[in-house]
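We did not get these values from a lab; they are worked out from the coordinates using the rules stated. Just so it is clear, the structure is predicted and the values come from calculations on it, not from any experiment. Cβ placement follows ideal geometry from the backbone for every residue including glycine, while neighbour counts extend to all protein chains displayed.
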Amino acid sequence: MAREAKLKVKLLAWTKNPEENVAAAIRQCYSAVGASDLKKKTDKETRERLIKQILESGHTSTIEHASFTFAVEGISRACSHQLVRHRIASYSQQSQRYVSELKGGMEYVIPPAIKNSKLKKQFKKAMNEAEENYKSLMEKGVTAEDARFVLPNAGETKIVVTMNARSLLNFFQQRCCQRAQWEIRTLAKEMLRLVKKKAPLLFANAGPTCVSEKICWEGKMSCGRYKSLGGELRSRG
């Protein structure tokens with residue numbers, strides 16, 4: 001029987017000493033000395049000053065030298081479709097063509113608006129019917145690559161994601177925003193929590209622009225959070 005999935009995010013790997021590498025890359029742009037020597041000679045105070053300076057200036061190409069790899073489970077196919085729109089990243093997603101057995105039942109994600117309402121029973125019924133139809137087609141000889149067409153957007157998927165720090169800042173800016181869809185916002189917040197432990201300087205002000213720049217660019221669509229943060233409202237239009 002189909003069952004509810006649970007979000008799991010694990011930081012699989014990351015650049016060793018990410019902020020030291022970034023600081024060495026920053027200094028390399030203005031030094032005749034090699035980056036390996038610069039890394040050894042850069043103290044903590046200088047490193048913090050350099051990283052803060054490039055983040056404030058927006059000249060952030062040097063932070064691409066730090067990357068992070070995540071193992072993500074328990075997100076819906078609807079969420080993964082949003083995730084892969086962030087193009088400067090590497091993705092390896094579980095295949096519905098080759099992983100065709102629904103061991104223990106199909107897993108799925110329930111939107112909170114449905115989970116906390118009287119519609120939950122109807123939703124779970126639809127998930128069970130989708131699973132039954134999928135299995136029935138397979139039993140009748142339909143290949144997994146064709147039978148999967150009856151599976152829902154709510155269906156759980158697993159994916160490995162690698163992004164550099166610069167791409168992550170953009171991702172957090174877009175997806176930690178209150179106007180982002182709830183599931184990918186939940187994912188982004190958990191990813192941010194994990195990378196902050198490894199590179200607190202790089203991600204100190206990561207998040208929506210109302211946090212990082214004290215500016216909301218959503219115009220009339222703004223959630224209004226910028227007010228409590230002492231920011232201002234602007235529109236790109």
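Taking the chain as the region of interest, what is the percent of Cα-Cα pairs per 5 angstrom bin, listed from the shortest bin to the one with the maximum distance?
Each 5 Å bin holds this share of Cα pairs: 1, 6, 12, 14, 14, 13, 12, 9, 7, 5, 4, 2, 1, 0.
Could you order peptides 42-50, 136-144 by the average number of other Cβ atoms within 10 Å of their residues, highest first?
42-50, 136-144
Rg/Rh for the range 76-123: what does it come to with C-alpha atoms and Rh from Kirkwood?
1.08
Find the relative contact order for the chain and round it to a whole percent, using C-alpha pairs within less than 8 Å whose residues are 6+ positions apart.
25
Obtain the nm distance between the two label points defined at N170 and E129 by a simple spin-label model: each point lies 7 Å from its Cα along the Cα-to-C-beta direction.
Output for this residue pair reads 4.2 nm.
Given the options F203, F149, F70, which has the most mean-square fluctuation in a GNM of the chain, springs set between C-alpha atoms less than 10 angstrom apart?
Most flexible of the set in this elastic network: F149.
Taking the chain as the reference, fit the longest principal axis to its C-alpha atoms, fit the long axis of helix 165-175 to the helix C-alpha atoms, and give the angle between the two in degrees, 0 to 90, nearest 10.
With rounding to tens, the tilt is 50 degrees.
Tilt of helix 182-198 relative to the longest C-alpha principal axis of the chain, in degrees (0 to 90, nearest 10)?
Orientation of helix 182-198: about 40 degrees from the principal axis.
Using only Cα atoms, find the angle between the long axis of helix 18-28 and the longest principal axis of the chain, and express it within 0 to 90 degrees, rounded to the nearest 10.
Value to nearest ten degrees: 40.
Given Cα pairs under 8 Å that are at least 6 residues apart, what percent is the relative contact order of the range 112-237?
14
Given only helices, namely DSSP H runs of n ≥ 4 each adding -39500 (n - 2.57), what is the per-residue ellipticity at 222 nm of the chain, to the nearest 500 deg cm²/dmol?
It comes out at -12500 deg cm²/dmol, rounded to the nearest 500.
Using DSSP to call loops (not H, G, I, E or B), can you name the trypsin sites (Lys or Arg not before Pro) in the range 186-237 whose Cβ has at most 14 other Cβ atoms within 10 angstrom?
Answer by residue number: K214, R236.
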